[in-house]
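The values are calculated or read from the model by the stated rules, or taken from the named source; none is laboratory data. Note that the structure is a prediction, hence the values are computed from the model and not measured. In this analysis, Cβ positions are derived from the backbone assuming ideal geometry, glycine residues included, and neighbour counts consider all displayed protein chains. The accessibility values were calculated without ligands, DNA or RNA, using every heavy atom of the protein model including side chains. Shrake-Rupley method; radii C 1.70, N 1.55, O 1.52, S 1.80 Å.
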Amino acid sequence: MLEALAGHSFYRVAEGWPSTGNLARLLKDGPQTYAAWLEAIERAEKFVNLENYIFQEDSTGEKFARALLAAAARGIRCRLLYDWLGCRNRTSSSFWQKLRDGGVEVRCYNAPQLLHPLRWISRDHRKVLCVDGVLAFTGGLCIGHDWVGDPAKGIPPWRDTAIELKGPAVGYIDAAFEDSWLAAHEGRGLATGVPPPVSGQECVPGLEVSVIAGRPDSMGLYRLEQLVAEIVQHSLWLTDGYFVATTAYVRALSGAAQAGVDVRLLVPGSSDMPLVGALSKSAYRPLLEAGVRVFEWNGPMVHAKTAVADGCWTRIGSSNSNLASWITNRELDVTIKSQVLARQMEAMFESDMANSTEVVLMRGVSGLRRPVASSQHGRSAGKNTRRLFSGAIGLSSTLAASFTKRRVLGPEEALVLLSGGAGLILLGLAVLLLPQVFAGLFGIAAIAPGIGLLLRAIRLWRSGLRSHGR
């Protein structure tokens, strides 16, 4: 059923852009993926479009900066779009200026604005590289040292997956980049998101690919994830770096497992975000009780966002299974209908399981069998902020269960309760001890967006008058 529907209902549900006659190459981890990206930039003849959540100012970022500057010096139009929050405290303004001075067009997505006080919640989480309209890449990799590791110190790269595409799908990925590029231009806001028709490329026999360009409030991928979990018949293997799923999605996965589907989930064993890792673990119990097999990665971090189902369908992209990716962020994923690629993905997943520890239930309580490990890399406050919304649903679910006693909590949720309890106590004490300060903060929090809304209303009113010739 999954293979039959992949070319019809999927596109409507996911708001995807389908095409046939494509070629694809699977890429694993940073060293292989970065080599392909840098080679593509070096061979560019017309243009390079690069969009990434994190472009870090380190040795890896410098390699890409030199490649872009060299391309620009050859007369290639190079455009770079980065996310303000993703690069905050990671990349200096002088780094971006150096690129601009060298002829690279650089834009920042969604820096704070008075007229749009709540838009900061939406981030550009895409990882996209398009070259000359004939070659495109997407996946889970940002640009930074975490994806390279440190072989001299025995630190492996973060585990991640990307895909290289040739064919008509490249036109749709280019269109998705254009949409983000316009959205980042001087606070214009959202562009239409509607791609132009793909033309000029012959559809030779090849793969069926659907490009899913997630935008704020689109929820296309969420609907697709739900549909796949409902109709899959044999197997569904998922890899997710920040799994904080909704109750509905957890139930969909559980229902598939109870129906006899081989459902497996690979997640980090040692997350770079401990609270998000704890929220992820809070979903283990219902999944395990339903028969879902959960594996925790033993390396520094598994960051891939992939799915492979029924040996015929694959998803690779930037979206995590959490509300931030599903609802508020710009994401880009591709789904591919191919038994050959699905077998490659399954082989990769089985290889990953060999470096993972399976989580098992012990006497009704989720007992975790895993080696003692800690994250190899720290993260800045910026990443904490961007993960806050993605974990809100899991935190609220655990706290609600604690207050209402509608389900039994397990030891894996202790960190969630500890964080929630400590946060409430600190907030209460702060309000009692500093009432005037909090009153002032509340006033600022109300006045600032109010001014922004009034200014936007005046701008809209004036534009309406001009359009009517008054």
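Does Leu80 satisfy the criteria of being open to solvent by less than 10 Å² (accessible area, probe 1.4 Å), of a type outside the set (D, E, K, R) and over 22 Å from the mean Cα position of the chain (by Cα)? If you could, list the steps in order and put the result at the bottom.
Working: open to solvent by less than 10 Å² (accessible area, probe 1.4 Å): yes; of a type outside the set (D, E, K, R): yes; over 22 Å from the mean Cα position of the chain (by Cα): no.
Taking the combined requirement at face value, the residue does not satisfy it.
If the requirement is being out of contact with any Ser or Thr (no Cβ under 9 Å at 6 or more places or on another chain) and among the β-branched types (Val, Ile, Thr), which of these qualifies: Val104, Val128?
The conditions single out Val104.
Collect the residues in the range 331-362 that are of a type outside the set (Asp, Glu) and open to solvent by 50 Å² or more (accessible area, probe 1.4 Å), keeping them in residue-number order.
Those that are of a type outside the set (Asp, Glu) and open to solvent by 50 Å² or more (accessible area, probe 1.4 Å): Lys337, Gln339, Val340, Arg343, Gln344, Ala347, Ser351, Ala354, Asn355, Leu361, Met362.
Every residue, every condition in (1) modelled with pLDDT of 55 or more; (2) surrounded by 23 or more Cβ atoms within 10 Å (Cβ to Cβ), yes or no:
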position: Gly189; (1), (2): no, no
position: Gly193; (1), (2): no, no
position: Gly200; (1), (2): no, no
position: Glu208; (1), (2): yes, no
position: Gly214; (1), (2): yes, yes
position: Leu224; (1), (2): yes, yes
position: Glu230; (1), (2): yes, no
position: His234; (1), (2): yes, no
position: Trp237; (1), (2): yes, yes
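Okay, residues lined up against (1) among the aliphatic types (A, V, I, L, M); (2) outside any loop (DSSP other than H, G, I, E, B); (3) within 18 Å of Arg159 (Cβ to Cβ):
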position	(1), (2), (3)
Ser319	no, no, yes
Val340	yes, yes, no
Arg343	no, yes, no
Ser351	no, yes, yes
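Being under 16 Å from Asp333 (Cα atoms), of a type outside the set (A, V, I, L, M, F, W, C) and part of a strand (DSSP E or B) is the filter here, so list the residues in the range 234-254 that pass it.
Result: Thr239, Asp240.
For a quick check of your reading of the model, give me the residue pairs whose first member lies in the range 35-55 and is in contact (Cβ under 8 Å) with a residue 12 or more places away in the chain, whose second is among the hydroxyl-bearing types (Ser, Thr, Tyr) and open to solvent by 10 Å² or more (accessible area, probe 1.4 Å), with beta-carbon atoms closer than 7 Å and at least 6 apart or on different chains.
Asn52/Tyr82; Phe55/Tyr82; Phe55/Thr91
Within the range 253-283, how many residues are closer than 15 Å to Leu361 by Cβ and at pLDDT below 90?
Residues meeting the conditions: 3.
So how many residues does the range 105-143 have that are buried (at least 19 other Cβ atoms within 10 Å of the Cβ), out of contact with any His (no Cβ under 8 Å at 6 or more places or on another chain) and assigned to a loop (DSSP other than H, G, I, E, B)?
6
From the set of residues in the range 89-99 that are open to solvent by 20 Å² or more (accessible area, probe 1.4 Å) and not in a loop (DSSP other than H, G, I, E, B), which is nearest to Ala70 (Cα to Cα)?
Across the range 89-99, the extreme among qualifying residues is Lys98.
Of all the residues that make up the range 278-294, how many are open to solvent by less than 10 Å² (accessible area, probe 1.4 Å) and part of a strand (DSSP E or B)?
Here the count works out to 1.
Name the residues in the range 321-354 that are under 19 Å from the mean Cα position of the chain (by Cα) and among the hydroxyl-bearing types (Ser, Thr, Tyr), would you?
Ser321, Ser325, Thr328, Thr335
Within the range 40-49, can one find any residue that is closer than 19 Å to Cys130 by Cβ, in a helix (DSSP H, G or I), open to solvent by less than 30 Å² (accessible area, probe 1.4 Å) and among the polar types (S, T, N, Q)?
Among the residues of the range 40-49, not one is closer than 19 Å to Cys130 by Cβ, in a helix (DSSP H, G or I), open to solvent by less than 30 Å² (accessible area, probe 1.4 Å) and among the polar types (S, T, N, Q), which makes the answer no.
Here are Gly102, Gly61, Gly30, Gly86: which of them is modelled with pLDDT of 95 or more and open to solvent by 10 Å² or more (accessible area, probe 1.4 Å)?
Gly102
Can you find a residue that is open to solvent by 30 Å² or more (accessible area, probe 1.4 Å), in contact (Cβ under 8 Å) with a residue 60 or more places away in the chain and more than 23 Å from His125 (Cβ to Cβ) anywhere in the range 319-328?
No, the range 319-328 contains no residue that is open to solvent by 30 Å² or more (accessible area, probe 1.4 Å), in contact (Cβ under 8 Å) with a residue 60 or more places away in the chain and more than 23 Å from His125 (Cβ to Cβ).
Sort out which residues of the range 295-307 are in a strand (DSSP E or B) and more than 17 Å from the chain's Cα centre (by Cα), and write them in order of number.
From the range 295-307, those in a strand (DSSP E or B) are 295-297, 302, 305-307; that's our starting set.
Answer for the range 295-307, where residues must be in a strand (DSSP E or B) and more than 17 Å from the chain's Cα centre (by Cα): Phe295, Glu296, Trp297.
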